[in-house]
Amino acid sequence: MPRVTQPFDDIVDVLTGDRSPARWAGLFADGAPIVDHSAPVPVGEAGHWLGSLLEQVPCTTFSCEWQLTDGAAGAAWIWFHLPDPDEADIPYDAPHLLVARSASAGPLTELEIFWPLGTWRETVDDWVGAVGGAPMSPDPALRSQRPSHPSLPEPPPDRAILEAVADAMVSENWLDLVAWGARWHDHAGHPIERWADGRRIEHCRVLGGSRVVLVFEHELPAAIVVHVDETGRITYLDHLCDWTTAAAGRDA
């Protein structure tokens, strides 16, 4: 199986380092698509994404809460930050799940981004209102005030247990896997029961340590981040859904 460790690590390094659009573009194969699950329309090629974002909001910076590579796929929980315009200790930031894939050991061939419901665009709108049009310099020291996800269970489960949990997440009722007292987070505020069963189609999985990341489809395209203890019980779930797809269906 091809491994994407280096190009995916380079994605995180570019975002959290020099933010170079040229260096970013060089990590992707020509024509590699991006699927931005918050964008109402397709946004083009993955290699152009960073340059486009920084053209719109040049002082955007990034920090990484965690990253994971597994075979031909990689995932990272990335925070987007904007500087506080009036030094009022107001965080202008939002987290995002990035998942990238490669068909070979060479450049990356696809990028998907899941954004918590409305968070980044609302953040930018609030920030623009506070800035009032004055330019600001990026602040690479910005970090989230608190992490999105709790600490991973220790010790981690065997790889076979992670694989079995991932298999079950797309074929069984999730509630059968969840440990007593586990935390559940859905970015649209829905209960776990809504998503725990029914038809699911898996598109990508990234496994490692005590973490499972799945990109799949149930009612809508979605991704889920799952923490698994050494017995194979789920201790935390974070669910992100593509609500732009739902909106498009309603408008059709």
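For Asp18 and Ala39, what does the FRET efficiency come to when R0 = 30 Å and r is the distance between their Cβ atoms, rounded to the nearest 0.05? It would help to have the intermediate numbers written out before the result.
Details: r = 25 Å, r/R0 = 0.84.
So the FRET efficiency works out to roughly 0.75.
Given the rule -39500 (n - 2.57) for each run of at least 4 DSSP H residues, summed and divided by the residues of the chain, what is its mean residue ellipticity at 222 nm, to the nearest 500 deg cm²/dmol? Spell out each step's value before the answer.
Values: 7 runs with 62 residues, N = 252.
The per-residue figure over the chain is -7000 deg cm²/dmol.
PRE reach from Glu154 (point 7 Å along Cα→Cβ): which of the range 31-70 fall under 14 Å by backbone N?
So the set is empty, nothing qualifies.
For the range 75-86, take each phi angle, set θ = phi - 60°, evaluate the Karplus expression 6.51 cos²θ - 1.76 cosθ + 1.60, and give the result in whole Hz per residue in order, putting x for glycine and proline.
So the J values, rounded to whole Hz, are 9, 8, 9, 10, 9, 9, 10, 10, x, 6, x, 10.
Excluding Pro138 itself, calculate the net charge of residues whose Cβ lies under 15 Å from the Cβ of Pro138, where each Lys or Arg counts +1 and each Asp or Glu counts -1. Display every interim value, and only then the final one.
On the way: positive: Arg19, Arg143; negative: Asp18, Glu55, Asp84, Asp93, Asp139.
Charge balance in the 15 Å sphere: -3.
In the P(r) worked out for the chain, what percent of Cα pairs fall beyond 22 Å? Walk me through the numbers on the way to the answer.
Working: 17665 of 31626 pairs.
Cα-Cα pairs in the chain separated by more than 22 Å: 56 percent.
Work from the charge dipole of the range 5-131 (Cβ charges, +1 for Lys and Arg, -1 for Asp and Glu, about the Cα centre) and give the residue of Gln67, Thr123, Gln6 farthest towards its positive end.
My answer, from the dipole projection, is Gln6.
At a Förster radius of 41 Å, what calculated FRET efficiency corresponds to the Cβ-Cβ distance of Ala168 and Gln6, to the nearest 0.05?
Working: r = 31 Å, r/R0 = 0.76.
It comes to 0.85.
What are the semi-axes of the equivalent ellipsoid of the range 159-251, taken as the square roots of 5 times the eigenvalues of the Cα gyration tensor, listed largest first and rounded to whole Å? If you can, show how the numbers build up before the last one.
Numbers: eigenvalues 104, 39, 25 Å².
The equivalent ellipsoid of the range 159-251 has semi-axes of 23, 14, 11 Å.
Of Val228, Pro147, Gly181, which is farthest on the positive side of the dipole of the range 109-231, counting Cα position, with +1 on Lys and Arg Cβ, -1 on Asp and Glu Cβ, and the Cα centre as origin?
Sorting the options by dipole projection puts first Pro147.
Between Ala130 and Thr231, what's the calculated FRET efficiency when r is the beta-carbon distance and R0 is 41 Å? Round to 0.05. Please report the intermediate quantities before stating the final value.
Working: r = 48 Å, r/R0 = 1.16.
The pair Ala130/Thr231 has a calculated efficiency of 0.30.
Want the number for Asp86 to Asp139: 0.36 nm per residue separation, take away the alpha-carbon distance, what's left? Mind dumping the intermediate values first?
Values: separation 53, 0.36 × 53 = 19.08 nm, distance 1.37 nm.
That pair, Asp86 and Asp139, stretches by 17.7 nm at full extension.
Read-outs throughout are calculated quantities, based only on the coordinates presented, and are distinct from any laboratory measurement. For clarity, every value in this text was computed on a predicted model and none was experimentally measured. So basically every Cβ, Gly included, is an ideal-geometry build from the backbone, and we count neighbours across all protein chains shown.
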